[in-house]
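A.B. asks: I'd like to ask you about the structure that follows.
Read-outs: derived from the displayed coordinates by stated rules, not from any lab. Everything quoted here is computed from the prediction, not taken from an experiment. Here the Cβ is made from the backbone with ideal geometry for all residues, glycine too, and neighbour counts use every protein chain on show.
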Amino acid sequence: MIQTLQLGYHYPNGPRLEFPDVDVAQGAVLLLSGPSGCGKSTWLALVAGLVAPTSGSLTVARQALAALKPVAADAWRARAIGFLPQKLHLSAALTVAQNLAMAQWASGQPQDPARIDAALIALGVQDLAQRKPAQLSGGQAQRVALARAVLAQPRVILADEPTASLDDEAAADAVGLLLATARTQGATLVIATHDARVAALIPPGTDGQNGFQSLKLLRKQL
Ligand code: ADP
Ligand code: MG
C-alpha cells in the first residue's frame, strides 16, 4: 500500500533528508519514529503527495505519485489519504458537523450528511455535532479531526504526533482509536511520533510478534 524507493527530500536552504525504503501492506500499521527534526512530518507530506520528492520514488495506494499532475494529485489525495495533522485545524467559526461538511466540500466529495453522521457515530462524538471546536476537550477535538480524516474512507491514514501533550491514559485512548478506526476501514495506518510510549500501545500481531512495522529515522546533518 505504501512503497518507497530511495526517497529523498532536500529543503531549499534546509536539510537534505534521505529515507530508508519501506513496503507497507494494505491494512498494516507502520510506526514512524525518531527524534524531533529527523524528518517524520516531511515523510508524511511526501506520502500524502503534498510535496514531491527531490530524489527517489513512491507508490501509495497503487498510485505512482510522480505521475500525477497537481489537480489530479488533489483528487487522488481526497480519496486515498486520511490525514490527522499534529495541529488539528478545526475551523473555530463552524460547528463540528459543519467542519466535516466543509472537508467534504473542500475535497470534492458530494455533500453527504448521512456519511458525516456515520463518521461522528463511529468516533463516538455524534452528541457533539452542533458544538464549536472551542467547546470540545482536547480528546474530543482529536476524535472530530479523525472523523473528518476518514470521511471519504481512505485506504491510508496518516497521523502526525497523535499523542503529543496527552497524558498516559489519553495517549492510550488516541492510539487505540487510530488502530480501531484503521481496522474497521481496512486502512493502512502510519503513526509518526517521537513519543516512546506509543510502541507499547500497539498490541502484538496474531503471530505474537510486533503488530506493526517500524521505521526509525535518525537525525541527519545539514
Ligand atoms: P520531524 O517531524 O521528525 O520533527 P520534520 O520533517 O518536521 O521532522 O523536519 C525535518 C527537518 O527538516 C528538520 O531539520 C527541520 O528543521 C527541517 N525543515 C522542516 N520544514 C522545513 C522548511 N520548510 N524549510 C527548511 N527546513 C525545514
Ligand atoms: Mg513532525
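A.B. asks: Can you give the Kirkwood hydrodynamic radius of the stretch 35-108 from its Cα pairs, in Å with one decimal?
C.D. replies: 14.0 Å
A.B. asks: Moving on to the next point. Pull up the DSSP beta bridges for the chain and report the antiparallel fraction as a percent, rounded to 5.
C.D. replies: The antiparallel proportion sits near 40 percent.
A.B. asks: Now, a different point. Going by how many other Cβ atoms sit within 10 Å of their own, how do Trp43, Trp105 line up, fewest first?
C.D. replies: By the 10 Å Cβ count, ascending, the order reads Trp105, Trp43.
A.B. asks: At q = 0.12, 0.19 Å⁻¹, what base-10 log of I(q)/I(0) does the Debye formula yield for the chain when every alpha carbon is treated as an equal point scatterer in vacuo?
C.D. replies: For the chain, the Cα-only Debye profile gives -0.64, -1.50.
A.B. asks: Can I ask one more? In degrees from 0 to 90, rounded to the nearest 10, what is the angle of the helix 113-122 Cα long axis to the longest principal axis of the chain?
C.D. replies: Here the helix axis deviates by roughly 70 degrees.
A.B. asks: If we sort 144-151, 67-74 on the protection proxy, mean other Cβ atoms within 10 Å, highest first, what's the order?
C.D. replies: Top to bottom by mean Cβ count within 10 Å: 144-151, 67-74.
A.B. asks: Pulled fully out, how much extra length does the chain show between Gln3 and Ala106, if you take 0.36 nm times their separation in residues and subtract their Cα-Cα distance?
C.D. replies: Net length gain for the segment: 34.3 nm.
A.B. asks: Then there's this: Quick one: check the C-alpha center-to-center distance for the stretch 1-78 versus the stretch 166-183, whole angstrom.
C.D. replies: Cα centroid of the stretch 1-78 versus Cα centroid of the stretch 166-183: 24 Å apart.
A.B. asks: Okay, moving on. On a full-extension model of 0.36 nm per residue, what is the gain between Ala164 and Ser57, subtracting their alpha-carbon distance, rounded to one decimal in nm?
C.D. replies: Full extension of this stretch gives 35.5 nm more.
A.B. asks: For the stretch 135-180, compute Rg over Rh where Rg is the Cα radius of gyration and Rh is the Kirkwood radius from the inverse mean 1/r over Cα pairs. Each step should come with its number before you reach the end.
C.D. replies: Values: Rg = 10.7 Å, Rh = 11.1 Å.
Result for the stretch 135-180 is an Rg/Rh of 0.96.
A.B. asks: Where nothing but the Cβ of Lys and Arg (+1) and of Asp and Glu (-1) is charged, how large is the charge dipole of the chain around its Cα centre, in debye to the nearest 20?
C.D. replies: 540 debye
A.B. asks: Which of Gln126, Ala114, Tyr9 sits closest to the plus end of the dipole of the chain, meaning its Cα is farthest towards the positive end, when Lys and Arg get +1 and Asp and Glu get -1 on the C-beta?
C.D. replies: Checking the options against the dipole of the chain, the answer is Tyr9.
A.B. asks: Right, here's the next one. Under 29 Å between alpha carbons: how many lysine pairs meet that in the chain, if sequence neighbours fewer than 8 apart on the same chain are excluded?
C.D. replies: Total qualifying Lys-Lys pairs in the chain comes to 8.
A.B. asks: To test your reading of the geometry: what angle, between 0 and 90 degrees and rounded to tens, separates the Cα axis of helix 168-185 from the longest principal axis of the chain?
C.D. replies: Taking Cα atoms only, the helix is inclined about 90 degrees.
A.B. asks: Run the quick spin-label model on Ile121 and Ala92: label points 7 Å from Cα toward the beta carbon, then report their separation in nm to one decimal.
C.D. replies: Label at Ile121, label at Ala92, 3.3 nm between them.
A.B. asks: Sketch the reach of a paramagnetic label on Thr184 as a point 7 Å from Cα along Cα-to-Cβ, and name the residues of the stretch 100-126 whose backbone nitrogen lies under 16 Å away.
C.D. replies: 114-126
A.B. asks: Another question about this same structure. When a/c is below 1.5 the answer is rounded, else prolate if a/b is larger than b/c, else oblate, so apply that to the stretch 4-70 with a ≥ b ≥ c taken from the square roots of the Cα gyration tensor eigenvalues.
C.D. replies: Because a/c hits 1.5 or more and a/b fails to exceed b/c, the stretch 4-70 counts as oblate.
A.B. asks: Summing Lys, Arg as +1 and Asp, Glu as -1, what charge do residues with Cβ under 10 Å from the Cβ of Leu5 carry, Leu5 excluded?
C.D. replies: -2
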